[in-house]
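Take a look at the structure below.
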Amino acid sequence: MDKENEMVYVKLNEIEEKIDTLIRMTKAPTQQPLTQPLPPKQTWPAICSMCGVQCQVPFKPSPGSQIKCRQCYAQSQQAGY
């Protein structure tokens, strides 16, 4: 993956995180004001086993596990595997 695509991918992740935060804010329990966001999810660094890009995952990867970035995961879901 070239530098330009990697920068686009990083920016896409930032936008997706902001969208996730806004969605969580609108789905907050009624006892909490909507202006108080939920704490951010913990993520761990990983390398996509399909394309080799560095990504963040919401779980601690096991050594040797097959990790996919968002884009490769979506592609594999569309392909049915």
Practice problem: Set the Förster distance to 35 Å, then compute FRET efficiency between K60 and T26 from the Cβ-Cβ distance, nearest 0.05. | Solution: 0.75
Practice problem: Using only alpha carbon pairs under 8 Å that are at least six residues apart, calculate the relative contact order of the chain and give it in whole percent. | Solution: 20
Quiz item: Angle between the Cα long axis of helix 70-79 and the longest principal axis of the chain, 0 to 90 degrees, nearest 10?
Solution: 70
Quiz prompt | Cα convex hull volume per residue for the chain (Å³) | solution = 122
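We did not get these values from a lab; they are worked out from the coordinates using the rules stated. What you are looking at is a predicted structure, and each value in this text was computed from that prediction instead of being measured. No Cβ is skipped: glycine too gets one built from the backbone with ideal geometry, and neighbour counts run over all protein chains shown.
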